[in-house]
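This report concerns only the one structure given below.
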Amino acid sequence: MKEVTFIRRNIGKWRSYEEVAEAVRTAPADAVADAYIDVTSDLSFAQTHYPQSRITLYLNNLASALHNEIYRNKRERWSRLLTFWTREVPLTMWEGRRELRWSALIFAVSVAVGVVSQWLDADFCRLILGNGYVEMTLDNIQRGEPMGVYGTAPEDTMFASITMNNIYVSFVIFAAGLLTSLGTGWFLLQNGVMLGSFQTFFLQQGVLGESMLAVWLHGTLEISAIIVAGAAGLALGGGLLFPGTYTRGYAFRRGAKRGLKIVIGTVPVFCVAGFIESFMTRHTEWPDALRLAVILGSLSFVIYYYIILPYKRHHGIRET
């Protein structure tokens, strides 16, 4: 059977099953079960005959939605706390790989804007970081402690405030996706410009090497998690802007669930980043090799968890 014929014969039925998935709590149990069985049957047919087609992806998502609604009230084992981060988040990151690429691109362009702006105007950082912070940093540089700002507060207090603030910012970036992704893009722009101007400021002061060892000690995880939170916000906004074959309301709810799972997955990363910034970044006397090892270890984790593991989980499921 040709794909277009397969779609024409069944599209009306699939639309009705979307409505069942949206109103599963009020729909008869038999209707939900029949819809799930029928969709999985169509999905099996599509996977056999049209494995690379968008209709196969559509049916897979519809079957997943019905499955999730059917088993919504099933008691979860304690192992779910582990499998959420080891399986569910990586699989969701695979689905959101396009949003992750866009988030990283927006952030990279924003960093470049900050670098160029600071290079052309030495006072640009005052606009972004504030006069007080810049003057304090200049005083620290003159005293030979360019990263002295990280040692001004007790470790435990600093850990709590920084971690909570970073988690708050990540959820704000996600929620900004309600503004059709423009809000998320704006927050990514702000953070990227700030980072670019900040690092260029230290380059102009002749202490770029020390600043990079200190900033990226915790910033490798922190910045990466912000980019991932940006992907969550873009997933949320993308449901409104690009519903595809779904109704706009259903696409929005699907994007919101996917984005929320992604942003919740960043919480442990922000906790570790906050710990490093509070208890380790202040020790600028530590060997450069040790600090570089932490940076490279953090980078390896980010690449594995957000790129390699999602790929492996996705293809492992397909092979099974």
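General remarks:
- For region 265-320, a residue qualifies if it is of a type in the set (Val, Ile, Thr) and not in a loop (DSSP other than H, G, I, E, B), and the qualifying residues are VAL267, VAL269, VAL272, ILE276, VAL294, ILE295, VAL302, ILE303, ILE307, ILE308, ILE317.
- Of all residues in region 138-159 being assigned to a helix (DSSP H, G or I) and free of Cβ contacts under 8 Å to residues at least 24 places away in the same chain, the one that is nearest to the chain's Cα centre (by Cα): THR157
- Pick from region 135-167, criterion out of contact with any Ser or Thr (no Cβ under 7 Å at 6 or more places or on another chain) and among the β-branched types (Val, Ile, Thr), ranking: modelled with the lowest pLDDT: THR152
- Restricting region 8-47 to residues that are farther than 15 Å from LEU62 by Cβ and at pLDDT 80 or above, the residue that is nearest to the chain's Cα centre (by Cα): ARG8
- Of all residues in region 141-167, those satisfying the criterion of being more than 21 Å from VAL269 (Cα to Cα) and open to solvent by less than 40 Å² (accessible area, probe 1.4 Å) are ILE141, PRO146, MET147, GLY148, VAL149, ALA153.
- For region 201-216, the criterion of being of a type in the set (A, V, I, L, M, F, W, C), more than 30 Å from TRP286 (Cα to Cα) and either assigned to a helix (DSSP H, G or I) or out of contact with any helix residue (DSSP H, G or I) (no Cβ under 6 Å at 6 or more places or on another chain) (or both) is met by none of the residues.
- Residue list for region 185-202, filter: in contact with a Gly (Cβ under 6 Å, 6 or more places away or on another chain) and under 12 Å from VAL109 (Cβ atoms): LEU188, VAL193, GLY196
- Residue within region 190-204 that is open to solvent by 30 Å² or more (accessible area, probe 1.4 Å) and farther than 22 Å from GLY130 by Cβ present: no
- Test set (1) within 17 Å of ASN10 (Cα to Cα); (2) in contact with an Asp or Glu (Cβ under 6 Å, 6 or more places away or on another chain) - ASP38 fails condition number: (2)
Each row is one residue, and each column tells you yes or no for (1) on the phi < 0 side of the Ramachandran plot; (2) surrounded by 13 or more Cβ atoms within 10 Å (Cβ to Cβ); (3) at pLDDT 95 or above; (4) within 16 Å of the chain's Cα centre (by Cα).
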| site | (1), (2), (3), (4) |
| --- | --- |
| SER278 | yes, yes, no, no |
| THR281 | yes, yes, no, no |
| THR284 | yes, yes, no, no |
| ARG291 | yes, yes, no, no |
| GLY297 | yes, no, yes, no |
| PHE301 | yes, yes, yes, yes |
| ARG313 | yes, yes, no, no |
| THR320 | yes, no, no, no |
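- Residue-level check: of (1) under 20 Å from the mean Cα position of the chain (by Cα); (2) of a type in the set (Phe, Trp, Tyr); (3) open to solvent by 40 Å² or more (accessible area, probe 1.4 Å), TYR306 misses just (3).
- Selection from region 168-184 of residues that are open to solvent by 30 Å² or more (accessible area, probe 1.4 Å), modelled with pLDDT of 90 or more and hydrophobic (A, V, I, L, M, F, W, C): VAL169, PHE171, VAL172, ALA175
- Residue match in region 222-233 (condition: under 19 Å from VAL89 (Cα atoms), open to solvent by 20 Å² or more (accessible area, probe 1.4 Å) and of a type in the set (Asp, Glu)): yes
- Within region 67-77, considering residues that are within 19 Å of ARG254 (Cα to Cα) and exposed (fewer than 15 other Cβ atoms within 10 Å of the Cβ), the one modelled with the highest pLDDT: HIS67
- Qualifying positions in region 113-140 - polar (S, T, N, Q) and open to solvent by less than 40 Å² (accessible area, probe 1.4 Å): SER117, GLN118, THR137, ASN140
- Of residues in region 78-112 being farther than 16 Å from ALA235 by Cβ and of a type in the set (Gly, Ala, Ser), the one surrounded by the most Cβ atoms within 10 Å (Cβ to Cβ): SER110
The values are calculated or read from the model by the stated rules, or taken from the named source; none is laboratory data. Since this is a predicted model, take the numbers as computed values, not measurements. Here the Cβ is made from the backbone with ideal geometry for all residues, glycine too, and neighbour counts use every protein chain on show. Protein only, heavy atoms only, side chains kept; ligands, DNA and RNA dropped before computing areas. Shrake-Rupley method; radii C 1.70, N 1.55, O 1.52, S 1.80 Å.
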